[in-house]
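Participant: This is the structure I want to talk about, given as structure tokens.
The values are calculated or read from the model by the stated rules, or taken from the named source; none is laboratory data. These numbers come from a predicted model, not from an experiment. We place every Cβ from the backbone using ideal geometry, glycine too, and count neighbours over all the protein chains shown. With ligands, DNA and RNA removed, areas are computed over all heavy atoms of the protein, side chains included. Shrake-Rupley method; radii C 1.70, N 1.55, O 1.52, S 1.80 Å.
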Amino acid sequence: MMVVLSRKRALSMALLSCVLSRTLGFSAMAPGADRQRTVATTDRRPPSAEEIRARQSIGEDKARSRHDNFSTNALFVNIDERPEPARCAVAPGSDRLPPDLPPGALLRIGPNGATTDEGFLDGDGMVHCVIIPEDREKDHVTYSSTYLETKGRSLERRRGDGSRFGGTLGAAPRGVPMLGNLVRNGLTFGTADMQKDTCNTAMAISGDRLLALMEQSPPTEFRVSRAGRVETVESFARLDGAVPPAPINGGSMGAHGRTDPSTGERVHVSYNSVDRPYVRVDTFDEGWRLKGSVGVDVPAPVMVHDSALTGSYVVILDFPLTIRPRRFLVDSFPVEYEPRHGARIGLVPRDGGGGSGCDGTMWFDVESGVVLHAANAHEDEGGKVVVHGFKSVPRDDASYILEYTPAFLYEWVLDPATGKTIDERCLNPDVLVEFPIVEDAVVGTKADAVYGLVTTSIGGPLLQFSTPQSAVLLDAVIKFALEDGDVHGKGDVVGRYDLPPGWHMVSEPTVLSKTTGEGSYVLVLATFVPPPQEGGADHVGVATDGFSLRTQLLVLDGNGLDDGPVAKVDMPTHVNYGLHSLFVDWERIKD
């Protein structure tokens, strides 16, 4: 998985939005592992802003002081496609998969195949598929990895001379070379859709239809069989007109969305950088049938990578990663952290009701920062809206583009009755985190806890691609309390599993309810990288020799993370870094 590349992907997509919009033996705890845990106390006095910043800085400095750059670079090396499903085996010494683990397909998507003069995020979307069969006495777990046949890949194949779409991110933070590549792409392939639809960021399902998404292109529809094969159904999917055409990129659909578990409605928030309104909220019935679309105007184009949902509202994150096309005129990266722009959270009524503005959106001023990923939102008994997400605060305008900025768990409380922000605070300033997730069944309602991955080291340089220049290792799964209890408070760590030395997460956590209805499992993919040997192979050598790197599927009990995996399954080959994951229930997989 992941560097934290969702963050980098989001930045990249925002950049493209500008370009594309017409402007041109595991143990439960590794020995000696540093467990950052907040212990509940009787003193619930919130820390001051200065104390929060100091504690956040201590954690960041510690992560930067112990970076394993060899492993990071090895995990970025491109891998070969393996579209034919291969059998997986239960790891030696591990129990078999628990009987109450739901059957289905664990999917992980990410960029693959970019060259050294391109950005990692220029790579084509590759779907890694792990099938957990229904009949585990007869059928085996299988693994495959398959490129999506996007429009861009089809054009490359049709030309047949080895020509490839030029990447647009390798020259970042410059802008002019990106524009040059777009022009060459159009001339080489005879297309007005000059930006390649890599569809390498995230996946979504509605009904039994699967989409691969990259927020500044139309999605690619694909399907998965119970045997584990991944096949492209349609590239540049318009979803019966739900994704309107646009110059250069062909159109856009938000990389992230939310499904209302009570209605089955799917909501996505998309953005552009030229035409008002800059933000679009689409609501789909099951099967991606567009139910309604509303434009939400914001003062300036901003990158809206994620959103949240409650029973009554769509939550819009208008944080100041602004997209300014004029920055191209001085050959600058068009996306910057612009705190003077201010930050707001918007509540868009899902029923289309009144309020302020033609779309009925209510806006709440909050402190500046960057929130790429929301965890969840809900309405409390008094009608207030509580939002949880992972927020970072860059040091200056350019730092968010040039360097990784760590994120922490935050909470915002908004009062629609008064239009005021009642509270906003960091719930845990000691743990650096990424990729928040709650169980699907509690989306839009009160959740007791949120899961994520712990950022354990930060550094560079990356040698495999031109961008990003630095990345992170994510070596622990964590569970935070979101409610005060008898023995813990909001933000306290109520579970954590640290990988043993040499192992690193390559997928975000996936949370599944047990088939018994009692508790949940957390699935992650982890890859082992051996330490470098004096005179031995470099990071490319160990990643391509076919045996040094290896990957396991880990099954953790959501209520017992500290106990370690309840089952481990060896993959037939290693999985490299990528981005987001999705689980498809067995009954939604159609052969």
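Participant: Which value, in nm² and rounded to one decimal, describes the direction-averaged projected area of the C-alpha convex hull of the stretch 552-591?
Facilitator: Details: hull surface 18.8 nm².
Its average projected convex-hull area is 4.7 nm².
Participant: Tell me, what is the 1.4 Å probe accessible area of residue 446, in Å² to the nearest 10?
Facilitator: Accessible area of residue 446: about 90 Å².
Participant: Another question, then. Suppose R0 equals 41 Å. What FRET efficiency, 1/(1 + (r/R0)^6) with r the Cβ-Cβ distance, do residue 515 and residue 548 give to the nearest 0.05?
Facilitator: Numbers: r = 37 Å, r/R0 = 0.90.
Once rounded, the FRET efficiency stands at 0.65.
Participant: Let me ask something else about it. Across all directions of projection, what mean area in square nanometres is found for the Cα convex hull of the stretch 63-128? Working shown, then result.
Facilitator: Working: hull surface 31.1 nm².
Its average projected convex-hull area is 7.8 nm².
Participant: Considering the dipole of the chain built from charges on the beta carbon (Lys and Arg +1, Asp and Glu -1) around the Cα centre, which of 454, 302, 584 is farthest to its positive end?
Facilitator: 302
Participant: Semi-axes of the equivalent ellipsoid for the stretch 405-448, please: Cα gyration tensor eigenvalues, times 5, square-rooted, ordered largest first, whole Å.
Facilitator: On the way: eigenvalues 95, 63, 12 Å².
So the three semi-axes of the stretch 405-448 are 22, 18, 8 Å.
Participant: Let me check something: with ligands and nucleic acids excluded, how do 351, 285, 161 order by accessible area (1.4 Å probe), largest to smallest?
Facilitator: Details: 351 130, 285 55, 161 90 Å².
Largest accessible area first, the list is 351, 161, 285.
Participant: Continuing with this model, one more query. Assign unit charges at the C-beta atoms only (+1 for Lys and Arg, -1 for Asp and Glu), then state the dipole size of the stretch 34-161 relative to its Cα centre in Debye, rounded to the nearest 20.
Facilitator: Numbers: 20 positive and 23 negative charges, 79 e Å.
Computed charge dipole of the stretch 34-161: roughly 380 debye.
Participant: Based on the alpha-carbon gyration tensor of the stretch 433-591 and its eigenvalue square roots a ≥ b ≥ c, which shape applies: rounded if a/c is under 1.5, prolate if not and a/b is larger than b/c, or oblate?
Facilitator: prolate
Participant: Based on Cβ point charges of +1 for Lys and Arg and -1 for Asp and Glu, what charge dipole magnitude is obtained for the stretch 134-197 about its Cα centre, in debye rounded to the nearest 20?
Facilitator: On the way: 11 positive and 9 negative charges, 107 e Å.
Dipole about the Cα centre, nearest 20: 520 debye.
Participant: Another question about this same structure. In nm, give the distance between the simple-model label positions of residue 117 and residue 587, each being 7 Å from the Cα along the Cα-to-Cβ direction.
Facilitator: For residue 117 paired with residue 587, the spin-label model returns 5.3 nm.
Participant: Across the stretch 227-315, what fraction of all alpha-carbon pairs, as a whole percent, falls in each successive 5 Å bin from zero upward?
Facilitator: Result returned by the calculation: 3, 12, 22, 23, 19, 12, 6, 2, 1, 0.
Participant: If Lys and Arg each add +1 and Asp and Glu each add -1, what is the summed charge of the other residues whose beta carbon sits under 15 Å from the beta carbon of residue 187? Spell out each step's value before the answer.
Facilitator: Details: positive: 159, 164, 184, 196; negative: 156, 161, 193.
After counting each charged neighbour, the total is +1.
Participant: I need the Kirkwood Rh of the stretch 502-585: take the reciprocal of the average 1/r across all distinct C-alpha pairs and report it in angstrom. Intermediate results must be reported in sequence, preceding the final value.
Facilitator: Values: mean 1/r = 0.0699 Å⁻¹.
By the Kirkwood definition, the hydrodynamic radius is 14.3 Å.
Participant: If I take every Cα pair under 8 Å that is 6 or more residues apart in the stretch 230-314, average their sequence separation and divide by the length, what percent do I get for the relative contact order?
Facilitator: Details: 143 pairs, mean separation 21.0, N = 85.
It comes to 25 percent, rounded to a whole number.
Participant: For Cα extents along the principal axes in Å, one of (1) 90, 73, 55; (2) 69, 61, 48; (3) 74, 53, 50 was computed from the structure I shared and the rest are decoys. Which label?
Facilitator: Among (1) 90, 73, 55; (2) 69, 61, 48; (3) 74, 53, 50, the one derived from this structure is (2).
Participant: Return the FRET efficiency for the residue pair residue 483, residue 293: r is the Cβ-Cβ distance, R0 is 25 Å, and the value is rounded to the nearest 0.05.
Facilitator: Details: r = 35 Å, r/R0 = 1.39.
Once the sixth-power term is evaluated, E becomes 0.10.
Participant: Nearest 20 debye, what's the magnitude of the dipole of the stretch 456-576 about its Cα centre given +1 on Lys and Arg Cβ and -1 on Asp and Glu Cβ?
Facilitator: Details: 6 positive and 15 negative charges, 58 e Å.
That gives a dipole near 280 debye.
Participant: Which pairs break 18 Å Cα to Cα here: 384/420; 151/196; 384/446; 391/490; 391/420? Walk me through the intermediate numbers first.
Facilitator: Working: 384/420 10 Å; 151/196 8 Å; 384/446 12 Å; 391/490 16 Å; 391/420 20 Å.
As for pairs spanning more than 18 Å Cα to Cα, those are 391/420.
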